[in-house]
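The values are calculated or read from the model by the stated rules, or taken from the named source; none is laboratory data. Just so you know, these numbers come straight off a predicted model, no measurement behind them. Counting neighbours? That spans all protein chains shown, and the Cβs are built from the backbone with ideal geometry, glycine included. We work out accessible area using only protein heavy atoms, side chains counted, and drop any ligands, DNA or RNA first. Shrake-Rupley method; radii C 1.70, N 1.55, O 1.52, S 1.80 Å.
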Amino acid sequence: MARRPARGPAPVVQWAQEHGEVGGVLASHAQLTAQLRAAGHPVTYVDTGSPRRALGALPRAVRRRGLHLLHITRLWRAMVLAPVFALLPGRTALVLHSGSVAGQLERMSHRQRRVLRTALRAYDEIWPVNDEIALAFEDGPGRPVRVITPFSADATSPAHASAGDGQVREPHLLSVATNAGLAHYNADLAVRAAELVRESWPDAALRVLAYGHAGPELAELRAAVAGLPWVELSFDASPSEVHDVLLRSAVFLRPTAWDGDSVIVREALAAGARVVATDTAPRPVGVELASPDAADLARAVVEGGRPSDGGGLTSLTAFDAAVDALGRLS
């Protein structure tokens, strides 16, 4: 009787916006894909940003038992896709990237929270990116909750490998990232803080890395900085360009009202920049903390902020968690 050929490493299916907006979630799952492929695991996508592409990918996605990872920032996606994930062959994990999870839960009605609780039974594991998000699922349906970090300093994408050759760090260049100028990114707070920094560092400049939807909030931000010659705003910069900016920046600002485990904060630290961030969310070791106030942020930039102890975050990468989950396939 002929032997069946070896099937090879188990596949991984990334349920995410493969062609989504530039930003932390895209950077995170793209990095994970590169790491898994380098380790010999076939990786495919079900593009949740396109119903047509998602439906086209489904037959291949369910052909073999494997690991299915659903990357979300909005909990309603976990509820909508729960019936599908309950039927998938293999093991499933829900990856929660956004620090807004607690707020989303608070805004849900009692009935919606019951629906979510039922929906979570469709997932074998839940992977939040910080302890605060994990805490919201303590009373969940008994699924393992594993805090992960969505960034690995050991993973260097080809786009970054050649980036930054000959780059010189500019001693008074500040940078900040904002998704579409949305309010919780507080880009306006970064601008006000940078203006105060210029009282001590007259040559200080600010690079605003904007991405996402070019809507009214971004138009308002553009108008606010249009007359400031020391501010440069770019939109949807490539990963390699963002990396170059971080290599040149003296300080990366993260003045967010809430956060998960920001990929760009981790990348800025790995690039050797100082990071000054608001104390409104867990921050990695090495980040300097300030209150969400322009004067306090400016003071932290010029004089140094309170050091974060890294509490609420982990060193367990998404790649490590994926390898462990693949080992649990039965």
Requested in this report: Would you be able to tell me the number of residues in region 303-318 that are open to solvent by less than 50 Å² (accessible area, probe 1.4 Å), outside any loop (DSSP other than H, G, I, E, B) and under 26 Å from Pro171 (Cα atoms)?
Outcome: 0
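Only one of these is in a helix (DSSP H, G or I) and either at pLDDT below 95 or out of contact with any Gly (no Cβ under 8 Å at 6 or more places or on another chain) (or both): Ala2, Ala54, Ala6. Name it.
Numbers: Ala2 fails: in a helix (DSSP H, G or I); Ala6 fails: in a helix (DSSP H, G or I).
Ala54 is the lone residue from the list that is in a helix (DSSP H, G or I) and either at pLDDT below 95 or out of contact with any Gly (no Cβ under 8 Å at 6 or more places or on another chain) (or both).
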Requested in this report: Filter region 113-138 down to residues that are small (Gly, Ala, Ser), part of a helix (DSSP H, G or I) and within 23 Å of the chain's Cα centre (by Cα), then give me how many there are.
Outcome: 1
Report summary line: When every residue in region 89-112 that is outside any helix (DSSP H, G or I) and aliphatic (A, V, I, L, M) is compared, the one most open to solvent (accessible area, probe 1.4 Å) is Met108
Requested in this report: Count, please, the residues in region 286-330 that happen to be closer than 14 Å to Val265 by Cβ and among the acidic types (Asp, Glu).
Outcome: 1
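Given Glu288, Glu267, which one is outside any loop (DSSP other than H, G, I, E, B) and either of a type in the set (Ser, Thr, Tyr) or free of Cβ contacts under 8 Å to residues at least 40 places away in the same chain (or both)?
On the way: Glu267 fails: either of a type in the set (Ser, Thr, Tyr) or free of Cβ contacts under 8 Å to residues at least 40 places away in the same chain (or both).
Selected residue: Glu288, the only one of Glu288, Glu267 that is outside any loop (DSSP other than H, G, I, E, B) and either of a type in the set (Ser, Thr, Tyr) or free of Cβ contacts under 8 Å to residues at least 40 places away in the same chain (or both).
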Requested in this report: Report, by residue number, each residue of region 243-264 that is of a type in the set (Lys, Arg) and part of a helix (DSSP H, G or I).
Outcome: Arg248
Report summary line: Picking from Ala277, Ala298, Ala281, Ala321, the residue that is in contact (Cβ under 8 Å) with a residue 12 or more places away in the chain, assigned to a loop (DSSP other than H, G, I, E, B) and either surrounded by fewer than 14 Cβ atoms within 10 Å (Cβ to Cβ) or of a type in the set (A, V, I, L, M, F, W, C) (or both) would be Ala281
